[in-house]
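Since the structure comes first, as structure tokens, the remarks are kept for the end.
The values are calculated or read from the model by the stated rules, or taken from the named source; none is laboratory data. Values in this document were obtained by computation on a predicted structure and should not be read as measured data. Neighbour counts run over all protein chains shown; Cβ positions are idealised from the backbone, glycine included.
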Amino acid sequence: MRIAVLLFAVGFCVLNTVTSLKICAFNVQSFGESKAHNKKVMGILLKILSRCDLCLIQEVRDSKGEAIRALLNDLNGYEKSNSYSYVASERLGRKTYKEQYVFIYRKNMLEVKEHYQYPKPAGEGHNDTDVFSREPFIVRFHSPTTLVKDFVLIGQHTCPRNAMKEMDQLYTVFKGVHQKWKTDNVMILGDLNADCSYVTIKGWRAVRLRSDPRFRWLIGDEQDTTVREKTHCAYDRIIVHGREIISSIVPGSAQPFNFKENFHLTEEEALEVSDHFPVEVDLKPNHRYLLRNEL
């Protein structure tokens, strides 16, 4: 009897201390050697990223890869109870300007199963099929601690002047992912420039991600993902597809993270980090798995 009571008590404590899996997307605005060598900026970045179990970082501009390695090293030192790793895209861009997508994740909570870079159209030049300035980077994760075990993340940073065409083309990217990996559980996230002067009411109707009710836009049009007080735009978005992953979303968890207010920064201090706020969402934990492994 005492053993049963003890096991119940332990299980109750475990269930009450279990946390969800936080997925983030953050346009860090020209992240390279300059920011990596700025101790103040890196200190703020570590506080932001340590909140996330999985984070898509955009606008990584370091051709040598040293900035990301420095960030990962600092993050592992900052969060000693967790071990972080990353998976990165190719350097992307039509001309000399190049960026990378980088997914940083906790190795004790997530496993990368597969990943691939969305291909550029074959041939020279830029025809009508060459929509993306920076092709999406697609990663399939396994997450044993959450209700949804396997899901795919499509990272995208659109070109502002072509944002609506790129967002619409992400529908085609999704269909390719569905055909390749036979999964409905897909999350599209990143700086889509999906608001203000880059979109129109008429244009929205032609964006298939927007018109298809199977896709849930978790960051609403009324949100503000920009740091500057003079702007109010929902540029950064999280969009999910699939009954299983949609039902696994923690209600009310999808939102921008205002690090300026949370860390009591001036606008100038916050802008040294980025002109965007990260966006985030939580996935519900699998209590049975966690209880079984704790006991």
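Observations on the model:
- Boolean, residue 214 is touching a Gly at 6+ places or on another chain (Cβ under 9 Å), surrounded by fewer than 15 Cβ atoms within 10 Å (Cβ to Cβ) and either among the β-branched types (Val, Ile, Thr) or at negative phi (or both): yes
- Residue in the stretch 188-205 that is of a type in the set (Lys, Arg), loosely packed, with under 15 Cβ neighbours inside 10 Å and over 24 Å from residue 114 (Cβ atoms) present: yes
- Total residues in the stretch 225-252, condition in a loop (DSSP other than H, G, I, E, B) and surrounded by fewer than 17 Cβ atoms within 10 Å (Cβ to Cβ): 8
- One residue stands out among those in the stretch 221-260 that are under 16 Å from the mean Cα position of the chain (by Cα) and among the small types (Gly, Ala, Ser): the one that is farthest from residue 148 (Cα to Cα), which is 234.
- Exactly one residue out of 152, 131, 139 is closer than 17 Å to residue 24 by Cα, touching a helix residue (DSSP H, G or I) at 6+ places or on another chain (Cβ under 9 Å) and hydrophobic (A, V, I, L, M, F, W, C), and it is 152.
- Filter pass, residue 205 being under 28 Å from residue 147 (Cα atoms) and charged (D, E, K, R): no
- Condition broken by residue 87, with the remaining ones in (1) among the β-branched types (Val, Ile, Thr); (2) more than 18 Å from residue 269 (Cβ to Cβ); (3) crowded, with 19+ Cβ neighbours inside 10 Å satisfied: (3)
Each row is one residue, and each column tells you yes or no for (1) among the aliphatic types (A, V, I, L, M); (2) modelled with pLDDT of 95 or more; (3) assigned to a loop (DSSP other than H, G, I, E, B); (4) on the phi > 0 side of the Ramachandran plot.
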{"site": "112", "(1), (2), (3), (4)": "yes, yes, no, no"}
{"site": "120", "(1), (2), (3), (4)": "no, no, yes, no"}
{"site": "125", "(1), (2), (3), (4)": "no, no, yes, yes"}
{"site": "138", "(1), (2), (3), (4)": "yes, yes, no, no"}
{"site": "148", "(1), (2), (3), (4)": "yes, yes, yes, no"}
{"site": "169", "(1), (2), (3), (4)": "no, yes, no, no"}
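- Scanning the stretch 134-148 for residues that are more than 14 Å from residue 190 (Cα to Cα) and without any contact (Cβ under 8 Å) to a residue 60 or more places away in the chain yields 140, 142.
- Screening the stretch 67-82 for residues that are under 20 Å from the mean Cα position of the chain (by Cα) and outside any helix (DSSP H, G or I) and picking the one that is nearest to residue 38 (Cα to Cα) gives 79.
- For residue 265, the test of being part of a loop (DSSP other than H, G, I, E, B) and at pLDDT 95 or above is passed.
- Any hit, the stretch 176-183, residues being closer than 25 Å to residue 30 by Cβ and either touching a strand residue (DSSP E or B) at 6+ places or on another chain (Cβ under 8 Å) or surrounded by fewer than 21 Cβ atoms within 10 Å (Cβ to Cβ) (or both): no
- Some residue of the stretch 48-57 being under 22 Å from residue 262 (Cβ atoms), surrounded by fewer than 20 Cβ atoms within 10 Å (Cβ to Cβ) and in contact with an Asp or Glu (Cβ under 6 Å, 6 or more places away or on another chain): yes
- For beta carbons closer than 9 Å, sequence separation of 6+ or different chains, a first residue in the stretch 173-187 that is of a type in the set (Asp, Glu) and a second that is assigned to a loop (DSSP other than H, G, I, E, B), the qualifying pairs are 184/214; 184/242.
- Inter-residue pairs, beta-carbon under 7 Å, first over 19 Å from residue 107 (Cα atoms) and in the stretch 37-55, second modelled with pLDDT of 95 or more and part of a loop (DSSP other than H, G, I, E, B), 6+ apart: 44/263
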